[in-house]
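**Q** Have a look at this one.
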């Protein structure tokens, strides 16, 4: 089955994203100044570009791990049913953890993952999301750090996809369906 036709309108430039990441990393370094090593947990797949840029900007000891959760599939709407497709490889018990999410929409994924990881007793855990859509929130959660607050638009780029397409765009773009 083919996807509907669409165009992408640029919302947030690559330059704006890079500048915001620098600011966020200043805050992260302050928050975790006393850490021996920060475990940076990326939520796959949408966060992979964001996490790469974050860890390159953090001048502190970091370990990267990934957890894959899904609530969208190939749809533009959340199913609200969060499935863990890939769990962490390493231990986070009594460790400092930063959970990296691409976008907080309904909040179900971040809420589910935060509860799962908190149950593993990290020393300290904080969350960061590149994008936040507070108008769509259904779960009672907000990331500790937000890159950009955006309106209720379906977006792609900078790791975020629509049906596994457009992750490679260097900016965040709004999807506008033409059919």
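The values are calculated or read from the model by the stated rules, or taken from the named source; none is laboratory data. On a predicted model such as this, the values are computed, not experimentally measured, just so you know. We place every Cβ from the backbone using ideal geometry, glycine too, and count neighbours over all the protein chains shown.
**Q** Out of all the residues in the range 155-173, which are more than 15 Å from the chain's Cα centre (by Cα) and outside any strand (DSSP E or B)?
**A** Passing the criteria: 163, 164, 166, 168, 169, 170.
**Q** Working carefully through the options 151, 170, find the one that is in contact with a helix residue (DSSP H, G or I) (Cβ under 6 Å, 6 or more places away or on another chain) and modelled with pLDDT of 95 or more.
**A** None of the others qualify; the one that does is 170.
Table: residues versus (1) without any contact (Cβ under 8 Å) to a residue 24 or more places away in the chain; (2) surrounded by 13 or more Cβ atoms within 10 Å (Cβ to Cβ); (3) assigned to a loop (DSSP other than H, G, I, E, B).
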{"residue": "84", "(1), (2), (3)": "no, yes, no"}
{"residue": "97", "(1), (2), (3)": "no, yes, no"}
{"residue": "113", "(1), (2), (3)": "no, yes, no"}
{"residue": "117", "(1), (2), (3)": "no, yes, no"}
{"residue": "126", "(1), (2), (3)": "no, yes, no"}
{"residue": "130", "(1), (2), (3)": "no, yes, no"}
{"residue": "135", "(1), (2), (3)": "yes, no, no"}
{"residue": "142", "(1), (2), (3)": "no, yes, yes"}
{"residue": "153", "(1), (2), (3)": "no, yes, yes"}
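**Q** Also, I was wondering about something else. I need the full set of residues from the range 55-80 which are within 19 Å of residue 95 (Cα to Cα), at pLDDT 95 or above and outside any strand (DSSP E or B), in order please. Give the steps one after another, and end with the answer.
**A** Within the range 55-80, the first condition is being within 19 Å of residue 95 (Cα to Cα), and the residues that meet it are 55, 58-67.
Now narrow it down to the ones that are at pLDDT 95 or above: 55, 58, 60-67.
Once the filter is applied, which keeps residues that are within 19 Å of residue 95 (Cα to Cα), at pLDDT 95 or above and outside any strand (DSSP E or B), the range 55-80 yields 55, 58, 60, 61.
**Q** Ok, one more. Considering every residue within the range 25-32, establish whether at least one is modelled with pLDDT of 95 or more and not in a helix (DSSP H, G or I).
**A** Scanning the range 25-32 turns up at least one residue that is modelled with pLDDT of 95 or more and not in a helix (DSSP H, G or I).
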